[in-house]
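The values are calculated or read from the model by the stated rules, or taken from the named source; none is laboratory data. Here the structure is a predicted model, which means the values were calculated and not measured. Note that each Cβ is placed from the backbone with ideal geometry, even for glycine, and that neighbours are counted across all protein chains shown.
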Amino acid sequence: MPKLTIDGREVEVAPGTTLIEAARRLAIHIPHYCYHRGLSIAGNCRMCLVEVEGVPKMMIACHTQAADGMVVHTDNDKCREYRAAILEFILVNHPLDCPVCDQAGECKLQNYYMEHGTAGSRVDEDKVKKRAKAKQIGPNIMLDSERCILCSRCVRFTDEITHTHELGITERADHSEITLAPGAWLDNRYAGCVVDLCPVGALTDRDFRFKCRVWYLTAVDSICTGCARGCNITIHVNRDRPHKAGGTRVMRYKPRENPAVNQWWMCDAGRYSYKQIDHERVDSAAVDGRPVAVEQALDASAAALKRAAAAVAVLCATTATNEELFLARALFAGALGGHAAYLAPPQGEQDDLLLLADQSPNTRGAQEILGTEVRDPVGWVKAHGVKAVVVVGEADLTGLKAEVDHLTVIATHPGKAAAQAHVLLPGSVHAEVEGTFTNHAGRVQRLRVAVPPIRGAVETWRLLLELAGRLGHPFDFAFEDDIFAALASQLAPFAGLSHDNLGRRGALLGSGAPQPTEVV
Amino acid sequence: MEAVARKPGTVTPAGGVKRGPLTFWERVYVVEAARGVWITTVHFFRNMGYHFLHLVGLAKGRQAAVTVQYPEERRYLPPRSRTRHRIVRRDDGSPRCVGCMMCETICPARCIYIVAEEDPDPNIEKRPKRFDIDLGMCVFCGFCVEACPEDAIRMDTQMVDLAAYSRRGMILTLDQLLAGEPAGPVESINALGERVHG
């Protein structure tokens with residue numbers, strides 16, 4: 001195990017560890033553009049040059065392996081001088097596009113320039129114009145070659161992660177630019193990741209283009225609802241300036257690193273699924289299609305459920321959080337003596353990187369909490385002699401209304417379920433509640449409130465709680481974490497888990513307590 | 001001056017002025033009152049005299065009263081006064097604004113609302129689709145002018161009489177902002193730089 005000294009601090013690392021990773025162990029950040037932990041090492045940006053004692057030249061920290069007894073300096077005068085020089089060189093042909101560039105505010109060129117740059121450029125020559133300025137290279141991707149610093153992260157991503165090889169670098173010297181392979185179109189399932197990878201504004205997202213400046217956004221940790229993988233994401237919300245993008249609150253999803261789930265990536269289907277949060281929501285309760293206040297709808301629903309006595313059931317879609325599922329179970333299967341089950345999740349496409357066929361985020365949670373999967377709601381209701389049903393979420397309920405006396409649907413979007421309802425209640429989506437999802441591998445992961453329930457809607461767990469109170473079985477839960485605490489105390493696989501100890505990376509069912517976060 | 005002015009007051013630490021005690025003649029009152037009537041009378045007859053001379057075409061160079069006959073007459077405003085905003089046009093008439101939202105970001109009153117869109121010219125790339133300034137909220141600090149990297153917003157229209165019958169009416173749209181004209185000859189920012197820095 002080589003032991004080395006970085007900036008006067010000793011650290012012991014595994015053989016083969018690079019200097020940039022060894023420094024990371026000490027929480028020392030070495031500036032870099034081309035290096036990315038998820039990709040192979042290119043070593044072309046030269047931004048990570050550090051001084052190694054006894055070596056006459058500066059070494060790139062991303063590709064120099066730690067050796068026993070090495071003494072490394074990452075922040076002395078020589079390093080700073082080299083960094084400033086490298087930056088000046090990188091900026092020789094970079095346009096002054098910041099006012100129109102969507103990357104401004106999260107741009108590594110801007111950040112490092114403020115930290116390490118020189119005051120002005122000494123280059124008098126005109127900047128070399130590239131061919132592609134604001135050129136579309138895929139359904140969701142814009143390329144601006146002038147802004148590109150040729151770090152090749154995007155090229156390596158399409159070569160090594162998606163193996164689709166759409167991108168390459170052509171021409172020589174200062175005419176070099178990122179080019180699509182002949183006949184190619186950057187439309188693979190993970191194409192959006194090249195935008196996250198691009199350290200500058202060369203690759204930008206067409207969906208996010210000009211919508212909002214990034215410094216207006218608030219980032220909230222959450223989980224993607226696109227499939228059962230449960231990719232870790234941050235939801236970027238525009239809270240203060242509602243005149244942007246027609247009043248939509250959620251502006252984009254960005255993947256969040258979790259080595260146990262999605263590494264650094266997410267698929268485009270998930271990335272653009274944020275749109276459903278603000279699009280065509282159920283914004284009012286209704287009784288027999290007539291809009292009414294939520295309280296009236298709850299009263300109507302409770303009255304109907306009371307008439308059915310124990311012949312009641314709840315059917316939950318697998319988009320509900322663990323907390324909502326547990327509450328549904330505790331009320332209908334527990335307090336009321338009826339039935340609780342979950343609806344079979346819709347299936348879609350699957351690939352060998354992240355995307356799973358199961359298109360809902362919490363099927364595993366539903367398996368653990370409700371146990372029973374229902375593929376044919378009508379047949380199931382007949383078989384169990386159910387008279388009143390509450391459905392949480394979206395499902396195809398064709399024919400169910402005719403089989404039962406009463407059907408309450410807690411819906412977020414107008415759809416097949418909402419259309420059938422006697423009583424319709426406006427519920428919440430994942431971005432509007434605290435809660436947890438359990439992914440396909442049994443990893444319980446936190447959701448956090450990014451936005452309040454959209455105007456007119458109420459948190460789904462709160463609707464269930466209100467319903468319980470009206471049915472004479474009030475629960476003593478003030479917030480979502482109380483519900484999870486009860487869930488953890490009653491269901492063995494969840495034992496030992498709590499909202500507080502799940503952390504940013506979640507914990508496996510049955511693990512008792514989350515593993516300490518390890519540096520990867 | 002010494003004879004007319006009373007004892008000068010002393011300035012208190014809080015910035016107020018503390019007058020000294022009144023003299024005997026001030027306390028008598030009648031003398032001070034008579035002095036006030038005298039001052040008023042002098043101005044009245046002086047102004048009457050000049051107005052009369054103006055009527056017969058004399059003494060045009062001397063101003064009679066200090067009242068400005070607004071709105072027919074306007075007081076002099078220094079050229080750099082911060083007045084109603086305008087958006088500068090390019091030579092082809094399109095707005096110089098590229099919708100970077102720097103002014104919207106810096107605005108302490110949050111009275112600027114910008115929505116950007118794609119410009120058909122890839123070398124311009126971005127332009128404002130909507131650019132509203134709510135003058136009902138504007139504090140005329142001029143930060144927007146300072147922040148603009150394109151010299152696209154200026155406050156040199158010298159328009160200060162801004163009023164509307166509704167709050168809604170106080171909101172200027174892009175078209176209204178583009179219709180604004182500079183009050184005087186505009187020195188280009190480059191010429192200004194050359195003059196200042198050589």
Original post:
Only one of these conditions is not met by A:E160: (1) modelled with pLDDT under 95; (2) loosely packed, with under 14 Cβ neighbours inside 10 Å. Which number is it?
Top reply: (1)
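Matching residues to (1) farther than 30 Å from A:Y190 by Cα; (2) polar (S, T, N, Q); (3) touching a His at 6+ places or on another chain (Cβ under 9 Å); (4) not assigned by TED's automatic domain parsing to the domain that holds A:E10:
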| position | (1), (2), (3), (4) |
| --- | --- |
| A:P56 | yes, no, no, no |
| A:A67 | yes, no, no, no |
| A:E125 | yes, no, no, yes |
| A:M142 | no, no, no, yes |
| A:S145 | no, yes, no, yes |
| A:D159 | no, no, yes, yes |
Original post:
Out of (1) surrounded by 13 or more Cβ atoms within 10 Å (Cβ to Cβ); (2) in a loop (DSSP other than H, G, I, E, B), what's the single condition that is false for B:C103?
Top reply: (2)
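I'd like to check which strands (runs of 3 or more DSSP E) are fully inside segment A:286-348 and have at least 3 residues that are surrounded by fewer than 19 Cβ atoms within 10 Å (Cβ to Cβ). Please lay out each step first, then the result.
Values: elements: A:290-292, A:312-316, A:339-343.
Where strands (runs of 3 or more DSSP E) fall fully within segment A:286-348 and carry at least 3 residues being surrounded by fewer than 19 Cβ atoms within 10 Å (Cβ to Cβ), they are A:290-292.
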Subject >> strands (runs of 3 or more DSSP E) (entirely within segment A:357-445) containing at least 2 residues that are more than 27 Å from A:I235 (Cα to Cα) >> reply: A:388-392, A:406-411, A:423-426
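Those residues that are free of Cβ contacts under 8 Å to residues at least 40 places away in the same chain and among the basic types (K, R), I need them from segment A:61-84; list them, please.
To start, the set of residues in segment A:61-84 that are free of Cβ contacts under 8 Å to residues at least 40 places away in the same chain comprises A:76-82, A:84.
A:K78, A:R80 - these are the residues of segment A:61-84 that are free of Cβ contacts under 8 Å to residues at least 40 places away in the same chain and among the basic types (K, R).
Do you know which of the residues in segment A:182-210 that are among the aliphatic types (A, V, I, L, M), touching a residue at least 24 places away in the same chain (Cβ under 8 Å) and more than 14 Å from chain B (Cβ to nearest Cβ) is nearest to A:H440 (Cα to Cα)? Give the derivation first.
Filtering segment A:182-210 down to residues among the aliphatic types (A, V, I, L, M) leaves A:184, A:186, A:191, A:194-195, A:197, A:200, A:202-203.
Next cut, touching a residue at least 24 places away in the same chain (Cβ under 8 Å) only: A:186, A:191, A:194-195, A:197, A:200, A:202-203.
Narrowing the set further to residues that are more than 14 Å from chain B (Cβ to nearest Cβ) leaves A:186, A:191, A:194-195, A:197, A:200, A:203.
Numbers: A:L186: 29, A:A191: 24, A:V194: 26, A:V195: 27, A:L197: 27, A:V200: 35, A:L203: 32 Å.
Within segment A:182-210, the match that is nearest to A:H440 (Cα to Cα) is A:A191.
Evaluate the following for B:Y76: is it within 14 Å of chain A (Cβ to nearest Cβ) and of a type in the set (F, W, Y)? Working first, answer last.
Values: within 14 Å of chain A (Cβ to nearest Cβ): no; of a type in the set (F, W, Y): yes.
No; evaluated as a whole, the condition is false for this residue.
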**OP:** Considering each of A:H422, A:H413 in turn, give the residue that is farther than 14 Å from A:Q276 by Cα, surrounded by fewer than 22 Cβ atoms within 10 Å (Cβ to Cβ) and in the same structural domain as A:L354 (by TED's automatic domain parsing).
**Re:** A:H422
Subject >> Any chance A:E177 is modelled with pLDDT under 95, touching a strand residue (DSSP E or B) at 6+ places or on another chain (Cβ under 8 Å) and surrounded by fewer than 21 Cβ atoms within 10 Å (Cβ to Cβ) >> reply: yes
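Conditions (1) more than 8 Å from every other protein chain (Cβ to nearest Cβ); (2) among the polar types (S, T, N, Q); (3) within 18 Å of A:K244 (Cβ to Cβ), marked per residue:
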{"residue": "B:R89", "(1), (2), (3)": "yes, no, no"}
{"residue": "B:S94", "(1), (2), (3)": "yes, yes, no"}
{"residue": "B:G99", "(1), (2), (3)": "no, no, yes"}
{"residue": "B:I112", "(1), (2), (3)": "yes, no, yes"}
{"residue": "B:P120", "(1), (2), (3)": "yes, no, no"}
{"residue": "B:F131", "(1), (2), (3)": "yes, no, yes"}
{"residue": "B:F140", "(1), (2), (3)": "yes, no, no"}
{"residue": "B:D151", "(1), (2), (3)": "yes, no, no"}
**OP:** Look through B:Y76, B:Y70, B:Y50 and report the one residue that is outside any loop (DSSP other than H, G, I, E, B) and aromatic (F, W, Y).
**Re:** B:Y50
Original post:
For the subset of segment A:62-108 comprising residues that are under 18 Å from A:V200 (Cβ atoms), more than 14 Å from chain B (Cβ to nearest Cβ) and of a type in the set (D, E), which member is farthest from the chain's Cα centre (by Cα)?
Top reply: A:E88
Original post:
For segment A:411-418, does any single residue satisfy the condition of being out of contact with any Cys (no Cβ under 8 Å at 6 or more places or on another chain) and under 17 Å from A:L327 (Cα atoms)?
Top reply: yes
Subject >> Number of the condition not met by A:Y112 [criteria: (1) assigned by TED's automatic domain parsing to the domain that holds A:A181; (2) over 29 Å from the mean Cα position of the chain (by Cα); (3) among the aromatic types (F, W, Y)] >> reply: (2)
Original post:
Quick one: what pairs do we get from segment A:477-489, first residue touching a residue at least 60 places away in the same chain (Cβ under 8 Å), second among the aliphatic types (A, V, I, L, M) and part of a helix (DSSP H, G or I), C-beta under 6 Å, 6+ apart or different chains?
Top reply: A:F477/A:I483; A:I483/A:L327
**OP:** Please tell me if A:R213 is in contact with a helix residue (DSSP H, G or I) (Cβ under 9 Å, 6 or more places away or on another chain) and of a type outside the set (S, T, Y).
**Re:** yes
Original post:
Has segment A:172-180 got at least one residue that is in contact (Cβ under 8 Å) with a residue 40 or more places away in the chain, touching a Lys or Arg at 6+ places or on another chain (Cβ under 9 Å), in a loop (DSSP other than H, G, I, E, B) and assigned by TED's automatic domain parsing to the domain that holds A:C198?
Top reply: no
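Quick one: would you say A:R213 is within 24 Å of A:K108 (Cα to Cα), among the basic types (K, R) and either more than 16 Å from the chain's Cα centre (by Cα) or away from every other protein chain (no Cβ under 14 Å) (or both)?
Working: within 24 Å of A:K108 (Cα to Cα): yes; among the basic types (K, R): yes; either more than 16 Å from the chain's Cα centre (by Cα) or away from every other protein chain (no Cβ under 14 Å) (or both): yes.
So A:R213 passes the test.
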Original post:
Is it true that some residue in segment A:197-214 is at pLDDT 95 or above and within 25 Å of A:A317 (Cβ to Cβ)?
Top reply: no
**OP:** Enumerate the pairs (first residue in segment A:328-341 and more than 22 Å from A:E480 (Cβ to Cβ); second residue anywhere and surrounded by fewer than 23 Cβ atoms within 10 Å (Cβ to Cβ)) with beta-carbon separation below 6 Å, excluding pairs fewer than 6 apart on the same chain, so at least 6 apart or on different chains.
**Re:** A:G337/A:A310; A:G338/A:A310; A:H339/A:H384; A:A341/A:T372; A:A341/A:V374
Subject >> Members of segment A:231-248 that are away from every other protein chain (no Cβ under 14 Å) and either assigned to a strand (DSSP E or B) or at pLDDT below 95 (or both) >> reply: A:N232, A:I233, A:T234, A:I235, A:H236, A:V237
Original post:
So which pairs qualify, if the first residue must be in segment A:212-224 and without any contact (Cβ under 8 Å) to a residue 60 or more places away in the chain and under 16 Å from A:V449 (Cβ atoms), the second must be of a type in the set (S, T, Y) and part of a strand (DSSP E or B), the Cβ gap must be under 7 Å, and the two must be at least 6 apart or on different chains?
Top reply: A:A219/A:T234
